[in-house]
Structure formats: structure tokens, C-alpha cells
Amino acid sequence: MGGDALRALSFADWAVLASYLAMLIGMALFHTRTVQARDDLFLAGRSMGRWPVAISMYVALFSSNTMVGVIGWLNRPDGTVWIGLQNIGIILAVPIAVWLYPNIFFRLRITTAYEYLERRFDYPVRAVAGVLFIAARVMWMATMLYGGALVATQITGFHDSLGWSAVGLMCVASILGMIGGMRAVIWTDVAQFFVLFGSVLVMATLAISRSGGIEQVIMIATETNRFTPPALFSVKDDLSVVSGLFLGMISLLSAVGTDQVVLQTYLTSKDVKTARDSLWFNGIFLKPLSLMFPMLGMIIFVYFRAHPADQALMRVPDDALPVFILQVLPAGARGLALAGIMAALLTSLQGGLAALAACVQVDYLQRWMRPLDDATSVRLGRLLMAAWGVAITIAALGVTQLGKNNSILQILNKVMYPFTGVLLGIFLIGLLTRRVSGTPTLAGALCGLMVTLYLPLAGVAVSNFYFGFIATVCTVALGCCFSFVASPPHESKVKGLTHAG
């Protein structure tokens, strides 16, 4: 097995891929009848139970970036399983997120996270936060599209067609999102969750058996430093214990409280208790499953050490997963694994498109347009999804250039976390202080963004794993400092809107 060229997909593989795509389309069409109002398109009518919401939230936070990127990280010369520290950081942040967000957001009956900011501060803060979210999500989805295009080009054998692969994947995701709304996104997330983890178990079993057994895998992984822990703290190293934990904590706190993609998922819960439960279930029961991906990456790395001809087929380390699937898995199972990856990509893109459309429509357009009836709002939302699909595809073409010298995880740290860190800082100021008003908050956010963007542009030797943390701390600290030269907010801007009493 292996050799000079990638294996071609069999008829059984294509049949599985086509069947899975047909299932996604069928589920979207089944839910088309529910998409009659803005809330159905963006929030599924606030009727979902804790487990579907928890699973969908896991998939929204997971995305194909995680699977392809983490396994690619382990196939770098210096990659270690300690990349899983970010998952530990996410778990540690769950109690904070449960305390910070659901009670206030549910009581306010908001559709987007940024409605809260206008009530707590003013519209300029809401508008700026919406722009930050749009920038972060566009880059997140562009990076995801790039990762999906890597997989698609390996499947088809057209290695020079990354751009066209990105266009095709986004077209499918846009159609699915416009058909079925958020209810379809959640139920397709549930379906692909089980496909995904079934595929992981199959891949791990085959890789171990074809690498000489579990003892051989552990021995080679130890010899090649896959288990070697990073430094406890390092400013310059890509990964240290502190930077890995900080990255996970910032990613969870920003996602659950400031990111419309995740917020619109748990706001579909039928009540605030269900929302809190879904956050707990996602963080405590589901998120530990993500520790399987560093282990799978290690196992695949060992397999490639034993099969150098297959390893030579990788263009970049992030090709490790699709090359392994095509070279090792049997017909049918190969198609199912690829279907799981593609489904993770498509459903994450669906949710992202719905979130961007909701943000633009609710936070911007509806302020300047006459009130829209539900049918018009739904049509406008679908049009916005299509427009964002075009914009994200263009951004993905730019990300392909970064992919030549950076892993998917590094790209995300550079192009997304500066924006999400500033967003988190804005929300923390709003939720945890009474003294800070809108203008100091905007000043702190601007300074926090400038500091974080300056670091890579100036070539400052700071790990990109810290970018989100630096942006958050700078925004909060400077916003609070600026508040001492500004008037405090009116009582109506803090009563019932903060945890500060």
C-alpha cells in the first residue's frame, strides 16, 4: 500500500459521500417549512433540548479546522500531543462562561450578542463589536475553507485547484444554510458528530495495527519526542503550558459570550436552565473527546514514519489526515471518513453564514430600514448568506498564501484571535464593571487591537498563541484606565446588565 501516487476513491467511497451529502440536503429541506421568520432562520425558535444544543455547540467550536489542524500539528517535526492543552483550557473556562453569560442574555431576549452592548453602552460600541465579529468570523471561515480545500484537492487529485475547491465547497454550504436555517444546522451537527467520532476510532485502529501495534506506536512516539512536554512558560515558543491553557480559555470565553456562531446555538434552548446545562454538557462531557485528535495525530505520525512513501505524498503537514485516509482506509470507510470531515466543514460554514447574516441584518440594516415583515426578513437573510459566501471565498484565496509557511492553527492565531480577544475584552468590561461607559470602552478596544496587530507586523518575538490573551487584557486594562477621565454611565446602562451589583 502506498507509493508514488494517492489512491483513487472507489465507487463505494463516492456512493457514501453522495449519500451523506444527500442526507444533509434532505435534513435541510425537511426543516425548510420552519424557516418562516427571522428567529427560525437564525435561532430555531428557542425550542431545542440540552443535548442537541450541546452537540451542535461542540461541532460549532470544533470545525474541520480542529481535526485537520491538530493532526497536522502532530506531523510537524516539533509537534507534540501537548497541543491538547488548549482543550484543557477550554474545560477550565466552562464554569466562568456559565456564570457570565446565559442568565443576562436570556433575560434580555437578544438575537445577536451585540444587542447587549447597545443596552449596556451605546450603539457605537455595538457597531464596532459587530465589525470585529465579522472580521474574526470571516477569517475563521476562510481558514476553514482553505483546510477543506486541502482535503478536497487530495480527494480529486487536482492538487493545483485549491481555489476552485474552495468555491465549490462554499456554494454547497451556502445552499444548505439558505434552505434550512439554524434548526437544520443543529440537527445536521448532531448527525455528523457521530459519523466523525466513528471515523476517528476506525482510523486509530487501522493506524495502530499497520504500525506494529500499540507498544511500537508508543516507543516510536517517545523516541521522536511526541510526548515531550513544552516549557511551563515561554514568550517565544509556539506552545508552552501557559500559552496552551490561555489559548483554550480565551477561545471558550470569547466563543460562548461574544461569538454569534455559538451564541445563536445555545440561545435556541427552550429556557435558561437548558442553556446552562448545554454549556456544562459541552464542556465537561463532550470537550474531553477532543483529546482524541492529538492522540490520533500521533498515531498517524508513527504510521508515516513506517511508510515513508505515503509520507512523501504530503505537500504540507496539514495534508496528513487526507493522505492517511486515502492511503490506509478501505473502500467505503474511506468515503465515510471523508464525509465526516466534509460535513464538519459544511455545517460549520452553514452556522457561520447564518451568524454573519444575523449580525448584518439585526445590528446594522434594520436600524436604517423600515420594519420588515417575517417573509422579507427571511429573504434578506438568505441574500446576505449568499453575499457572505462570496466574500469568504475571496478571503480563503488569501489564506492559501499563508498556508505555505504556517499551519492551520498558526493561521487562526494570527488572523482571528486578535479580533476575538478585543471582543471578549469589550464584553468583560460590560459584564464586570459599572464605572466604564461607551467611549472609554471603544478607546480601550482600539488600543488593544492596535497592540495585537502590531506584534506580528513589527516582528516582535511573541508566540501567536498569546495573541487573544494580549488583546483581551489590553482592552480591559486600557478601557478601565480611560474611564477615569470620562463620565460614568447612567444607572439605566448598568442596572440588571452587569454582575457588578
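The values are calculated or read from the model by the stated rules, or taken from the named source; none is laboratory data. Small disclaimer: the values here were computed from a predicted structure and weren't measured. In this analysis, Cβ positions are derived from the backbone assuming ideal geometry, glycine residues included, and neighbour counts consider all displayed protein chains.
Considering (1) under 26 Å from V68 (Cβ atoms); (2) within 20 Å of the chain's Cα centre (by Cα); (3) not aliphatic (A, V, I, L, M), say which one Y114 fails and leave the rest.
With (1) under 26 Å from V68 (Cβ atoms); (2) within 20 Å of the chain's Cα centre (by Cα); (3) not aliphatic (A, V, I, L, M) applied to Y114, the lone miss is (1).
Could you tell me whether A127 is more than 17 Å from the chain's Cα centre (by Cα), modelled with pLDDT of 90 or more and among the aliphatic types (A, V, I, L, M)?
Values: more than 17 Å from the chain's Cα centre (by Cα): yes; modelled with pLDDT of 90 or more: yes; among the aliphatic types (A, V, I, L, M): yes.
In short, yes.
Quick check on the stretch 355-375. Is at least one of its residues under 22 Å from L21 (Cβ atoms), within 23 Å of the chain's Cα centre (by Cα), of a type outside the set (D, E) and part of a helix (DSSP H, G or I)? Quick ask: steps written out before the conclusion?
Initially, the stretch 355-375 is screened for residues under 22 Å from L21 (Cβ atoms), giving none.
The answer is no, given that none of the residues of the stretch 355-375 is under 22 Å from L21 (Cβ atoms), within 23 Å of the chain's Cα centre (by Cα), of a type outside the set (D, E) and part of a helix (DSSP H, G or I).
From the list A375, A344, A396, A320, exactly one residue is crowded, with 24+ Cβ neighbours inside 10 Å, more than 30 Å from V217 (Cβ to Cβ) and among the hydrophobic types (A, V, I, L, M, F, W, C). Which is it?
None of the others qualify; the one that does is A396.
This table checks each residue for (1) touching a residue at least 24 places away in the same chain (Cβ under 8 Å); (2) farther than 28 Å from N464 by Cβ; (3) surrounded by fewer than 16 Cβ atoms within 10 Å (Cβ to Cβ).
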site: C359; (1), (2), (3): yes, no, no
site: D363; (1), (2), (3): yes, yes, no
site: P371; (1), (2), (3): no, yes, yes
site: R379; (1), (2), (3): no, yes, yes
site: M385; (1), (2), (3): yes, yes, no
site: V415; (1), (2), (3): yes, no, no
site: P418; (1), (2), (3): yes, no, no
site: G421; (1), (2), (3): yes, no, no
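Output the number of the condition that L176 fails; it satisfies all remaining conditions of (1) closer than 25 Å to L446 by Cβ; (2) at pLDDT below 80.
Result: L176 passes all but (1).
For every residue, the table says whether it meets (1) modelled with pLDDT under 95; (2) in contact with an Asp or Glu (Cβ under 8 Å, 6 or more places away or on another chain); (3) within 28 Å of L349 (Cα to Cα).
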residue	(1), (2), (3)
R379	yes, no, yes
K404	yes, no, yes
V422	no, no, yes
L442	no, no, no
I470	no, no, yes
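Would you check which residues across the stretch 473-487 are assigned to a loop (DSSP other than H, G, I, E, B) and of a type in the set (S, T, Y) and list them?
Pass one, the stretch 473-487, residues assigned to a loop (DSSP other than H, G, I, E, B): 486-487.
Answer for the stretch 473-487, where residues must be assigned to a loop (DSSP other than H, G, I, E, B) and of a type in the set (S, T, Y): just S487.
Let's see how each residue does on (1) surrounded by fewer than 24 Cβ atoms within 10 Å (Cβ to Cβ); (2) at pLDDT 90 or above; (3) assigned to a helix (DSSP H, G or I):
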residue	(1), (2), (3)
I250	no, yes, yes
L253	no, yes, yes
V256	no, yes, yes
V261	no, no, yes
R276	yes, yes, yes
W280	yes, yes, yes
F285	yes, no, yes
L289	yes, no, yes
M292	yes, yes, yes
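Would you say A445 is on the phi < 0 side of the Ramachandran plot and either in contact with a strand residue (DSSP E or B) (Cβ under 7 Å, 6 or more places away or on another chain) or surrounded by fewer than 17 Cβ atoms within 10 Å (Cβ to Cβ) (or both)?
Judged against the criteria, A445 is not a match.
Of all the residues that make up the stretch 207-248, how many are assigned to a loop (DSSP other than H, G, I, E, B), within 10 Å of F465 (Cα to Cα) and either aliphatic (A, V, I, L, M) or in contact with a Pro (Cβ under 7 Å, 6 or more places away or on another chain) (or both)?
So the answer is 4.
Which residues, taken from the stretch 302-314, are touching a residue at least 60 places away in the same chain (Cβ under 8 Å), in a helix (DSSP H, G or I) and either surrounded by fewer than 20 Cβ atoms within 10 Å (Cβ to Cβ) or touching a Gly at 6+ places or on another chain (Cβ under 7 Å) (or both)?
Within the stretch 302-314, R305, A306, A309, D310 meet the criteria.
I'd like to know if the stretch 62-73 contains one or more residues that are of a type outside the set (S, T, N, Q), buried (at least 24 other Cβ atoms within 10 Å of the Cβ), at pLDDT 95 or above and not in a helix (DSSP H, G or I).
Taking every residue of the stretch 62-73 in turn, none turns out to be of a type outside the set (S, T, N, Q), buried (at least 24 other Cβ atoms within 10 Å of the Cβ), at pLDDT 95 or above and not in a helix (DSSP H, G or I).
Restricting attention to the stretch 1-13, and to residues there that are farther than 10 Å from G332 by Cβ and crowded, with 16+ Cβ neighbours inside 10 Å, which single residue is modelled with the lowest pLDDT?
Across the stretch 1-13, the extreme among qualifying residues is G2.
Among the residues of the stretch 179-223 satisfying the criterion of being of a type in the set (S, T, N, Q) and crowded, with 17+ Cβ neighbours inside 10 Å, which is modelled with the lowest pLDDT?
Quick first cut of the stretch 179-223, residues of a type in the set (S, T, N, Q) only: 188, 192, 199, 205, 209, 211, 216, 222.
Narrowing the set further to residues that are crowded, with 17+ Cβ neighbours inside 10 Å leaves 188, 192, 199, 211.
Working: T188: 63, Q192: 68, S199: 83, S211: 93.
Only one residue fits best here, namely T188.
Going by the conditions given, is R137 charged (D, E, K, R), within 20 Å of the chain's Cα centre (by Cα) and modelled with pLDDT under 95?
So R137 fits the description; yes.
Do you know which of the residues in the stretch 101-111 that are buried (at least 18 other Cβ atoms within 10 Å of the Cβ) and out of contact with any Phe, Trp or Tyr (no Cβ under 8 Å at 6 or more places or on another chain) is nearest to W280 (Cα to Cα)? Before the answer, list the steps.
Within the stretch 101-111, the first condition is being buried (at least 18 other Cβ atoms within 10 Å of the Cβ), and the residues that meet it are 101-102, 104-106, 110-111.
If we keep only those that are out of contact with any Phe, Trp or Tyr (no Cβ under 8 Å at 6 or more places or on another chain) too, we end up with 101, 106.
On the way: Y101: 13, F106: 16 Å.
Applying the filter and picking the extreme gives Y101.
Examine the stretch 423-438 for a residue that is surrounded by 23 or more Cβ atoms within 10 Å (Cβ to Cβ) and closer than 18 Å to T66 by Cα, and state whether such a residue exists.
No.
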